[in-house]
Amino acid sequence: MDERRYYNRVPVSYHANGYDCTINIEGKLYSARLMDISQGGAKLEVGDLYGGDAYKMDGAIIDDYYEQPYLAGKYYTVAWHKDEYIGISFSEPLSRSYDALYDYYAATA
């Protein structure tokens, strides 16, 4: 499989409080945990995701439970879906630099 990432990923070790955000996929709300993030997208664990395939579905991050809600209101498309994990591609890249994302999300609380 060819690596197609344009942005470097930051592994997330700092979590907001159990679930990190609420996401909307095609009109349904889910609680999600952020696993990694880049300026272009993120990997989310969505434990209660319905059994269907979310690939190529559009969504939005409704609530972001971090102290600095960088993700609230971000729109995305599901780039891949495997088991309880999805990869999302943001409609517009995050304005935060890689270093800023690393300093915030890779920090341990």
Completion exercise
Of the residues in the range 12-26, those that are at pLDDT 90 or above and out of contact with any strand residue (DSSP E or B) (no Cβ under 7 Å at 6 or more places or on another chain) number 0
Practice task
Can you confirm whether the range 39-59 contains a residue that is surrounded by 13 or more Cβ atoms within 10 Å (Cβ to Cβ), in contact (Cβ under 8 Å) with a residue 60 or more places away in the chain and within 20 Å of Tyr14 (Cβ to Cβ)?
Solution key: yes
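The values are calculated or read from the model by the stated rules, or taken from the named source; none is laboratory data. None of the values given here were measured: they were computed from a predicted structure. Glycine gets a Cβ as well: all are built from the backbone with ideal geometry, and neighbour counts include every protein chain shown.
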